[in-house]
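The values are calculated or read from the model by the stated rules, or taken from the named source; none is laboratory data. Note that the structure is predicted; figures quoted are calculated from it, not measured. Cβ placement follows ideal geometry from the backbone for every residue including glycine, while neighbour counts extend to all protein chains displayed.
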Amino acid sequence: MYQSKIAGLGSYVPENVVTNDDLSKLMDTNDAWIQERTGIQERHHIKKGDGNTTSIMGAKAAKIAIERANISKDDIDFIVFATLSPDYYFPGCGVQVQEILDINTCPALDVRNQCSGFIYALSVADQFIKTGMYKNILVIGSENHSGGLDFTTRGRSVSVIFGDGAGAAVLTRSNHNGQGILSTHLHSEGKHALELSLKGPSTNHWVPEIIAENPQGDDIPYYPYMNGQFVFKHAITRFSEVIMEGLKANGLEVKDIDMLIPHQANLRISQFIQQKFKLSDDKVYNNIQKYGNTTAASIPIALTEAWENGKIKEGDLVVLAAFGSGFTWGSAIIEW
Ligand code: UT7
């Protein structure tokens with residue numbers, strides 16, 4: 001059985017910065033509310049004409065990760081792409097990245113697990129490396145939220161939270177036993193599927209049907225819906241559970257954590273976990289203040305930034321954890 005490790009990381013966010021004050025010109029919101037409830041100060045949004053899409057941003061992040069992994073694009077054996085905001089209904093973004101980066105005919109898979117997407121994608125990649133089937137796997141999380149949000153007051157409880165961006169990792173077969181991904185743990189609970197969802201357009205809610213169902217246009221299923229407090233309560237429980245599950249499976253304890261990188265859903269959620277586990281500030285990495293919630297991209301962006309800032313060193317125990325729509329949740333325990 002082989003072990004996988006992260007050999008290269010990269011991230012990309014569009015240049016266009018949107019502050020809370022910018023949003024307050026579009027809807028009834030304000031900087032104080034957004035910062036108090038979420039910790040977010042600003043986020044990046046794709047600007048019309050800047051050339052970015054979910055797959056293009058993913059490819060930009062992936063290119064950096066490949067360079068840093070010191071491999072060639074031709075060494076990539078598999079592409080796993082996590083997103084909830086693909087460029088097309090089909091095909092997925094994985095094949096588009098393959099085309100943009102001119103990668104050979106390796107397989108490409110899209111993962112649809114929203115905020116947990118990167119951890120699910122990492123877990124899939126890890127299994128393929130463990131079995132010896134593949135050696136180098138490109139794992140990408142990328143989102144273009146701004147293209148699909150309701151920027152009127154009606155959508156304010158959702159649209160102030162999300163930002164655009166991408167992060168990527170090259171997962172490689174590890175040469176040192178014990179170094180790399182120690183475990184991944186994944187969960188889902190479909191009974192809460194619609195508590196954080198985008199119903200259509202889909203095969204079940206096609207455009208004419210949506211219009212017929214909503215002649216007044218007041219309940220619009222083609223914008224995301226989130227039952228915020230319900231999601232929040234489940235998030236703090238599941239984050240804690242799945243971190244402990246991962247630690248226990250490896251005979252580790254909370255005190256062994258050198259760096260926790262939680263999915264950047266809400267600063268209040270990260271702070272709750274930090275306090276519950278009594279972790280000092282230098283052991284939890286947050287950057288939601290600058291990027292908002294970038295869903296599948298949030299962990300790889302944060303991981304890249306933490307690594308670039310020298311906050312992760314060889315031998316450190318790094319814990320990744322996420323919770324989101326599905327509901328889905330998961331953790332990855334990594335010895336760096
Ligand atoms: O990443 C996937 C997982 N996602 C999460 O984990 C998100 C979990 N949920 C949350 O982060 C929080 O529930 C939110 C940040 C979404 C909302 O915070 P909240 O403290 O739960 O606020 P609320 O939805 O209960 O709304 C409180 C008030 C309401 O007004 P009333 O009814 O008290 O008069 C809202 O209408 O705040 C109002 N409100 C806003 N006011 C200003 C909602 N959105 C806004 C806004 N600006 N953007």
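Details
- Subset of the stretch 15-32 that is touching a residue at least 60 places away in the same chain (Cβ under 8 Å) and under 22 Å from residue 271 (Cβ atoms) - its residue that is surrounded by the fewest Cβ atoms within 10 Å (Cβ to Cβ): 29
- Checked against (1) within 16 Å of the ligand (Cβ to nearest atom); (2) farther than 30 Å from residue 130 by Cα, residue 216 passes all but a single condition, namely (1).
- Strands (runs of 3 or more DSSP E) contained in the stretch 126-202 and holding at least 1 residues surrounded by fewer than 22 Cβ atoms within 10 Å (Cβ to Cβ): 165-173, 180-188
- Out of 273, 269, 333, sole residue that is more than 16 Å from the chain's Cα centre (by Cα) and without any contact (Cβ under 8 Å) to a residue 60 or more places away in the chain: 273
- Helices (runs of 4 or more DSSP H) completely within the stretch 18-122 that count 3 or more residues being within 22 Å of the chain's Cα centre (by Cα) and within 15 Å of residue 165 (Cα to Cα): 54-68
- Meets criteria (at pLDDT below 95 and surrounded by fewer than 19 Cβ atoms within 10 Å (Cβ to Cβ)) for residue 48: yes
- Checking each residue in the stretch 88-120 for being touching a Phe, Trp or Tyr at 6+ places or on another chain (Cβ under 9 Å), more than 16 Å from the ligand (Cβ to nearest atom) and of a type outside the set (D, E, K, R) picks out 92, 93, 94, 95, 96, 97, 106, 107, 108, 109.
- Residue within the stretch 54-63 that is of a type in the set (A, V, I, L, M), touching a helix residue (DSSP H, G or I) at 6+ places or on another chain (Cβ under 8 Å) and within 14 Å of the ligand (Cβ to nearest atom) present: no
- Matching residues in the stretch 203-230 - criterion: being surrounded by fewer than 13 Cβ atoms within 10 Å (Cβ to Cβ), out of contact with any Pro (no Cβ under 9 Å at 6 or more places or on another chain) and more than 30 Å from residue 321 (Cβ to Cβ): 203, 204, 206, 208, 211, 212, 215, 216, 217, 218, 219
- Residue check, residue 298 out of contact with any Ser or Thr (no Cβ under 8 Å at 6 or more places or on another chain), hydroxyl-bearing (Ser, Thr, Tyr) and surrounded by 23 or more Cβ atoms within 10 Å (Cβ to Cβ): yes
- All positions within the stretch 158-174 that are touching a strand residue (DSSP E or B) at 6+ places or on another chain (Cβ under 7 Å) and within 9 Å of the ligand (Cβ to nearest atom): 158, 161, 162
- For the stretch 72-89, the criterion of being within 16 Å of residue 11 (Cβ to Cβ) and not hydrophobic (A, V, I, L, M, F, W, C) is met by at least one residue.
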